[in-house]
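*Asks:* The following block contains the structure, expressed as structure tokens.
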Amino acid sequence: MAAGKTPRADVNEANPPTLQRIFGDSAIARLLDYLTLYRGLDFPKTEISRNSGVAWKTMWRLWPTIERYGLVKETKRIGKAKMVTLNTDSLIVRALNDLAFQIARHDNQPLQGEERQILVRVKAR
């Protein structure tokens, strides 16, 4: 393991989250992957930034776009912090969830084929 990296970071490098497989390791892809993975849960923006691996300043720059497209909605306030969650009522969010599902499904198909070939080879011997 490289110095300063967590085991989770190594796993993400070997098996990137779904949307990052298509869009690369961009900040917006990391934010959307985090929000789609934990849909239904609400978080303050600082926690989304920290847990998705996106610098606060970068998230601050991208957040107006995320809000403009209605990808998130405010659920409640705790003190000064606004809690937000993925807006599952949005057609764009539904399309993103479907895209993430289709990517995962596509990536799983070759694996199943490879497993079948290995099983056939073992049985043939």
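*Asks:* Based on this model, can you work out whether Q112 counts as at pLDDT below 90 and surrounded by 10 or more Cβ atoms within 10 Å (Cβ to Cβ)?
*Replies:* no
*Asks:* List pairs: first in region 72-85 and without any contact (Cβ under 8 Å) to a residue 12 or more places away in the chain, second assigned to a strand (DSSP E or B) and among the charged types (D, E, K, R), Cβ under 6 Å, 6+ apart or cross-chain?
*Replies:* Cβ pairs passing all conditions: E74/K82.
*Asks:* When region 1-56 is examined, which residues are found to be modelled with pLDDT under 80, in a loop (DSSP other than H, G, I, E, B) and either among the β-branched types (V, I, T) or closer than 19 Å to R68 by Cα (or both)?
*Replies:* T6
*Asks:* Continuing with the same structure: Can you tell me which residue in region 59-100 is modelled with the lowest pLDDT, limited to those that are touching a Ser or Thr at 6+ places or on another chain (Cβ under 8 Å) and among the polar types (S, T, N, Q)?
*Replies:* The selected residue is N97.
The values are calculated or read from the model by the stated rules, or taken from the named source; none is laboratory data. Here the structure is a predicted model, which is why all the values come from computation and not from measurement. Positions of Cβ are generated from backbone atoms using ideal geometry, with glycine treated the same way; all protein chains shown enter the neighbour counts.
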